[in-house]
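Participant: Sending over a structure as structure tokens; questions will come in a sec.
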Amino acid sequence: MFYFRKVSVNPPLPEPVQRLRELSYNLWFSWNRPARDLFGEINPRLWDQVEHNPVQFLLRIDRESLEKAAANQEYLKKYNEVMAEYDQYMHEEKWFHRTNPDYRDRTIAYFSAEFGLHESCPIYSGGLGILAGDHAKAASDLGLPFVGVGLLYKHGYFKQLINREGRQEVVYPDLNFNEMPIKPLIAESGLEITVAVEYPERTVHARVWEIKVGLVRIILLDTDLPVNSKEDRAITSQLYGGGREMRIMQELMLGAGGVRALRALGVNSRVWHINEGHSAFLTLERLREMVSDGVPYSTAREAVRSNTIFTTHTPVPAGHDVFTKELVEKYLGSLCRDNGMSCQTLIDLGWDFEHRQFNMTLLAIRMSGYCNGVSRLHGEVTRQMFHRFYPSLPVEEVPITSVTNGVHARTWIAEAWKEVFDRYLGEDWQNHVTEPAVLSRVDQIPDEVVWETHSQLKDKVIQYARDKVRANRVRNHEQLGLVAEAEDILLSHALTIGFARRYATYKRATLLFKEPDRLAALLNNLDRPAQIIFAGKSHPADQAGQELIKKILDYSREEPFRGKIVFLENYDINVARHLVHGVDVWLNTPRWPMEASGTSGMKAAMNGVLHCSVLDGWWPEAYNGKNGFAIGGPGNMHLKEADQDMNDSFYLYKCLEDKVIPLYYDRQNGIPVQWVGRMKESIKTIITRFSTTRMVSEYTDRFYVPLIDRGVAFTEAGFQVARQVDRFKRFMKENWHHVKVERTNTNGRWDMVEGEELMVESVVKLGPISSQDVVVEITLGSDRGSYICGLDSLPMELKEQVGDGIYKYVGKVPLTQGTFGYTVRVRPDQQHMVGTIELPLVRWAENF
Ligand SMILES: *Cc1c(COP(=O)(O)O)cnc(C)c1O
């Protein structure tokens, strides 16, 4: 290879449409259909060819077309409207500016291995990335001082092609970053900004790129630089490609390189958000920074924790990112050696003693002040999963909470619906999506308008499916008959079910095929026909997933399913957008409780596409009996997989046969009135509660703002508070064995009368621990036979010291009707602890 420099040469933009280039470099266009149309309208064919990438579009478009557009009054009118809206968006005062005016420059850094923003930036694989992209978009809408940090993959995530045999083929695109809506960051010196990270016996350099997302930015690292060796240039080659060693190399760049990139840009981040364990090494890099500044290791650890938050997305132990000790030693070696930290100490931070491996999720949990799962159910499942690390706590107090995911409503709601909502909810509804009063106006939309809007979107998705199948068959050189047949697949009036997701086995794409005859009968009912559109990729290493795809494709080519079952290749944001806008029902059949949250159903439900799902992930929180359909009842921990599959397929058929299909075909003047009622209920309830507007404002209020304050408090005055917290924790751990609830007396009998008071008196031994540093409390909850849950704690009052390190406490509980259990416990308490159980030391009364 030889050295060369690059230059992009664009046609000059005519004066009246000068700002198209600026627009092409801000992902604001990804949630603004009229903005995208400004490109698409100039040359629709080219727009599709460049996969809706406006930067590439402007590089390819001929001068004449641009000049023609610039001379067209109608086009200019639209252009001016879009630019006015863009300017307003970029300059108006936003929620965070109003609610936290003093925090406008307190940056929140959000690290994620993938960001899914738009099909023109294929650096995401699925739900996790799109969630991160939607998070950034909402951060912009809300005016948060936010910066995303990720990797820029030269070959992105794979494109899926389906071949003649119905098998998935994998193609890694060769992305030309200079033709994407991203820019390299340039220092004042005129040179590109790079960062350097030590790897075993070498240094790896990365360039820093920026994507603008409305008001916020995402910075991305790319190691494909001539200064790196060939192997190191490939570190940011593929998302989730390669083996464990490749993964740790990537994660080191993301974590350590990401922190260094922020430093290089002069960004003083006040909150550090780890989105899934991949980026947890950022905590070690921050430790290294502080230690090399002379802060003692354990003080630094408290300081890092003080402003870090971790979100986990994995509902099964096998899903966690783990490394062997050797790999961690190899890659973290220089990080510790150069800074006087012992490598073992760092390894201990992520070490799982039971499974003898280094676990990125554990590292993130131990280094974060707050941890959360992504739905209420997932919070519960995660607390169960990590309960073994908190043996003295009841499972419900394991310090992992939840924030339920959302989707970016502006991105996912179809333009046709936006226009209807503009008319009926008020022009400014997009700034009020969490307000039930605004969304309740959906009820005022006439049924005919709802049905007409949906029917148009449905026609569009059916045509889109036909075009896509046709293009696939042409590419595969199928017989002409088969190519022509693509025009006739799917019926415009049939109930259309969408099923699009990654083909991981737990998602059970083929549950519907458990009884093929029954499914065939259902689809082929002449009066009430139904059809299914499938899409989804399977990870190249997942053979089972690929078999599922093959199986569906085989069905789609045979009677009795031909033309009624369709598989669309290369599920991405564009395919998803069409499907969630236009099918009638969105089907979701994960094996409970493996779907941490799921988000595609939210996108569908906001468009009035009824969600039909197992009560897993987010759905138990949302389903109210009227806004979609539930397959079966609440999940059951104790069922074997095969039994669960049997049960769920039974309920799935029942649900479709008895509820979905009859309701869909129950018409008055051609309109399925009850169905439309459910659509309205779905739109209302899902938009108000499952947008990223709600999600990000929840993260802000519950975590970001408190963490900003904690970060300052812990580090100011020479890390005084961090030091104090560290000393406190160590003292407690060393002396906790002295603590004992010696004796408890109570007036409690097994039957008491409402209005009576339960008096409790305990003698507690604290030994060398001060009574100031503990809480003694009565803990009570619902009686479940062998345990109590729904815990509530009432602090007891220190009555007197009765001996050396021995104290008497008293407390009382007003009694309300019902049965409950109660006990007494002691736990450490200090003003800087997060929540009640930051230090998981609890001593329970033994017997009274
Ligand atoms: C929303 C989305 C996902 C995530 O959907 P799940 O409900 O988690 O399966 C995956 N891929 C694409 C392209 C999406 O748009």
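Participant: Of all alpha-carbon pairs in region 15-91, indicate the percentage at a distance above 16 angstrom. Before the final figure, lay out each step's value.
Facilitator: Working: 1292 of 2926 pairs.
Result: 44 percent of Cα pairs exceed 16 Å.
Participant: Calculate the spin-label point distance for residue 623 paired with residue 747, positioning each point 7 Å from the Cα along the beta-carbon direction, and give it in nanometres.
Facilitator: 4.8 nm
Participant: Are there cysteines in the chain with no other Cys C-beta under 4.7 Å, and if so, which?
Facilitator: 121, 371, 612, 655, 789
Participant: To continue, here is another question. Quick one: which residues, 5 or more positions from residue 567 or on another chain, have an amide H under 5 Å from its amide H? H modelled 1.01 Å from N in the peptide plane, none for Pro or chain starts.
Facilitator: Amide H to amide H, under 5 Å and 5 or more residues apart or across chains, residue 567 pairs with 534.
Participant: If I stretch the segment between residue 770 and residue 178 completely, what's the gain in nm (0.36 nm per residue apart, minus their alpha carbon distance), one decimal?
Facilitator: Numbers: separation 592, 0.36 × 592 = 213.12 nm, distance 6.31 nm.
Between residue 770 and residue 178, full extension yields 206.8 nm more.
Participant: In debye, nearest 20, what is the charge dipole magnitude of the chain about its Cα centre with +1 on Lys and Arg Cβ and -1 on Asp and Glu Cβ, if you could check?
Facilitator: The dipole magnitude comes to about 980 debye.
Participant: With N set to the number of residues, divide the alpha-carbon radius of gyration of region 1-151 by 2.2 N^0.38 Å and report two decimals. Spell out each step's value before the answer.
Facilitator: Values: Rg = 17.7 Å, N = 151, 2.2 N^0.38 = 14.8 Å.
Compactness ratio reported: 1.20.
Participant: Going down the table (6/77; 137/458; 137/330; 514/537), which pairs top 29 Å between alpha carbons? Mind dumping the intermediate values first?
Facilitator: Numbers: 6/77 36 Å; 137/458 27 Å; 137/330 37 Å; 514/537 21 Å.
Over 29 Å Cα-Cα: 6/77; 137/330.
Participant: Using only Cα atoms and rounding to the nearest 10 degrees, what angle (0 to 90) does helix 281-292 make with the longest principal axis of the chain?
Facilitator: 50 degrees
Participant: Report, in listed order, any pair from 468/507; 733/799; 325/507; 603/659; 78/183; 507/654 with a Cα-Cα distance greater than 29 Å. Intermediate results must be reported in sequence, preceding the final value.
Facilitator: Working: 468/507 24 Å; 733/799 26 Å; 325/507 32 Å; 603/659 22 Å; 78/183 27 Å; 507/654 19 Å.
Violating the 29 Å limit, Cα to Cα: 325/507.
Participant: Suppose all protein chains stay in the model; what accessible area per residue would a 1.4 Å probe give for region 193-233, in Å²? Before the final figure, lay out the partial values.
Facilitator: Numbers: 1640 Å² over 41 residues.
Result: 40 Å² of accessible area for each residue.
Participant: Still on this structure, I have one more. Helix 573-582 versus the longest principal axis of the chain: what angle, 0 to 90°, nearest 10, using Cα atoms?
Facilitator: Long axis of 573-582 versus the principal axis of the chain: about 80 degrees.
Participant: I've got another one for you. Given 20 °C and 1.002 mPa s, how large is the Stokes-Einstein diffusion coefficient of region 435-689 in µm²/s, with Rh as the Kirkwood radius over Cα pairs? Can you show the working numbers first?
Facilitator: Working: Rh = 18.6 Å.
D = 115 µm²/s.
Participant: Using mean Cβ contacts within 10 Å as the protection proxy, how do 189-196, 331-338 order, highest first? The partial results should precede the final answer.
Facilitator: Details: 189-196: 13.6, 331-338: 18.1.
Final packing ranking: 331-338, 189-196.
Participant: Show me the three semi-axes of the equivalent ellipsoid for region 176-329, from the C-alpha gyration tensor (sqrt of 5 times each eigenvalue), largest first, rounded to whole Å. Could the numbers behind the result be given before it?
Facilitator: Details: eigenvalues 116, 84, 61 Å².
That gives 24, 20, 17 Å for the three semi-axes.
Participant: Then there's this: Between 692, 539, 652, whose Cα lies farthest towards the positive end of the dipole of the chain when Lys and Arg beta carbons carry +1 and Asp and Glu beta carbons carry -1, centred on the Cα centre?
Facilitator: 539
Participant: What do you get for chymotrypsin sites (Phe, Trp or Tyr not before Pro) in region 1-60 restricted to DSSP loop and a cutoff of at most 12 other Cβ within 10 Å of the site's Cβ? It would help to have the intermediate numbers written out before the result.
Facilitator: Numbers: sites: 2, 3, 4, 25, 28, 29, 31, 39, 47, 57; in loops: 2, 3, 4, 25.
Hits after loop and neighbour filter: 2, 3, 4.
Participant: Here is a follow-up. So for the pair residue 848, residue 231, with labels modelled 7 Å out along Cα→Cβ, what separation do we get in nm?
Facilitator: Between residue 848 and residue 231, the simple spin-label model gives 6.3 nm.
Participant: If you take the C-alpha gyration tensor of region 712-777, multiply each eigenvalue by 5 and take the square root, what semi-axes do you get, largest first, in whole Å?
Facilitator: Numbers: eigenvalues 277, 55, 10 Å².
Each semi-axis is the square root of five times an eigenvalue, giving 37, 17, 7 Å.
Participant: With r defined as the distance between the Cβ atoms of residue 646 and residue 574 and R0 fixed at 41 Å, what FRET efficiency is calculated, to the nearest 0.05? Provide the component values of the computation, followed by the final result.
Facilitator: Details: r = 36 Å, r/R0 = 0.89.
Once the sixth-power term is evaluated, E becomes 0.65.
Participant: I would also like to ask the following. On the principal axes of its Cα set, how long, how wide and how thick is region 141-246? Give whole Å, largest value first.
Facilitator: Principal extents (Cα only, largest first): 54, 44, 25 Å.
Participant: Quote the FRET efficiency, to the nearest 0.05, computed for residue 459 versus residue 67 with a Förster distance R0 of 35 Å and r equal to the Cβ-Cβ distance.
Facilitator: On the way: r = 35 Å, r/R0 = 0.99.
Once the sixth-power term is evaluated, E becomes 0.50.
Participant: For the chain, what does the equivalent ellipsoid look like in terms of its semi-axes, each the square root of 5 times an eigenvalue of the Cα gyration tensor, given largest first in whole Å? Don't skip to the end; give the middle numbers.
Facilitator: On the way: eigenvalues 446, 257, 134 Å².
Semi-axis lengths for the chain are 47, 36, 26 Å.
Participant: Could you provide, to the nearest whole Å², the per residue accessible area of region 739-844 with probe 1.4 Å? Could the numbers behind the result be given before it?
Facilitator: On the way: 5720 Å² over 106 residues.
Ligands and nucleic acids excluded, the figure is 54 Å² per residue.
Participant: Quickly work out the residue 784-to-residue 60 label distance, labels modelled 7 Å from Cα along the C-beta direction, and quote it in nm with one decimal.
Facilitator: 5.7 nm
Participant: Still on this structure, please answer the following. Under 20 Å from a point placed 7 Å out from the Cα of residue 15 along the Cα-to-Cβ direction: which residues of region 72-89 have their backbone N that close?
Facilitator: Residues passing the 20 Å test: 72-81, 83-84.
Participant: Tell me, what ³J(HN,Hα) does each residue in region 352-363 have, in order and in whole Hz, if you take phi through Karplus 6.51 cos²θ - 1.76 cosθ + 1.60 with θ = phi - 60° and put x for Gly and Pro?
Facilitator: Working through the residues one at a time gives 9, 5, 5, 9, 6, 8, 8, 10, 5, 5, 5, 4 Hz.
Participant: OK, next. Over region 435-689, give the accessible area per residue in Å² for a 1.4 Å probe, as an integer.
Facilitator: On the way: 9680 Å² over 255 residues.
The answer is 38 Å² per residue.
Participant: Could you please state, rounded to a whole Å, how far the C-alpha centre of region 763-804 is from the C-alpha centre of region 1-75?
Facilitator: 67 Å
Participant: How many percent of the accessible area of the chain is carbon or sulfur, using a 1.4 Å probe? Show your work: numbers first, answer last.
Facilitator: Details: 16970 of 34700 Å².
Ligands and nucleic acids excluded, carbon and sulfur reach 49 percent.
Participant: Still on this model: Note the full-extension length gain between residue 415 and residue 187 as 0.36 nm times their separation in residues minus their Cα-Cα distance, in nm to one decimal.
Facilitator: Details: separation 228, 0.36 × 228 = 82.08 nm, distance 3.97 nm.
Extra length from residue 415 to residue 187 when fully extended: 78.1 nm.
Participant: Of the listed peptides 645-658, 805-818, 136-149, 200-213, what is their order by residue-averaged count of other C-beta atoms within 10 Å, with the highest listed first? Can you show the working numbers first?
Facilitator: Numbers: 645-658: 17.4, 805-818: 15.1, 136-149: 25.9, 200-213: 19.2.
Ranked from most to least packed, the peptides come out as 136-149, 200-213, 645-658, 805-818.
Participant: Using only Cα atoms, what is the ratio of the radius of gyration of region 297-414 to 2.2 N^0.38 Å?
Facilitator: Numbers: Rg = 16.5 Å, N = 118, 2.2 N^0.38 = 13.5 Å.
Its radius of gyration relative to the 2.2 N^0.38 Å reference: 1.22.
Participant: If one takes the longest principal axis of the Cα atoms in the chain, at what angle in degrees, from 0 to 90 and to the nearest 10, does the Cα axis of helix 673-689 lie?
Facilitator: 50 degrees
Participant: Related question: Using only the Cα atoms of region 739-844, what are the Rg and Dmax in Å?
Facilitator: 14.3, 41
The values are calculated or read from the model by the stated rules, or taken from the named source; none is laboratory data. Remember, it's a predicted structure, so these values are computed and weren't measured experimentally. All Cβ positions, glycine included, derive from the backbone under ideal geometry; neighbour counts span all protein chains shown. The area values use the complete protein model at the heavy-atom level, side chains included, leaving out ligands, DNA and RNA. Shrake-Rupley method; radii C 1.70, N 1.55, O 1.52, S 1.80 Å.
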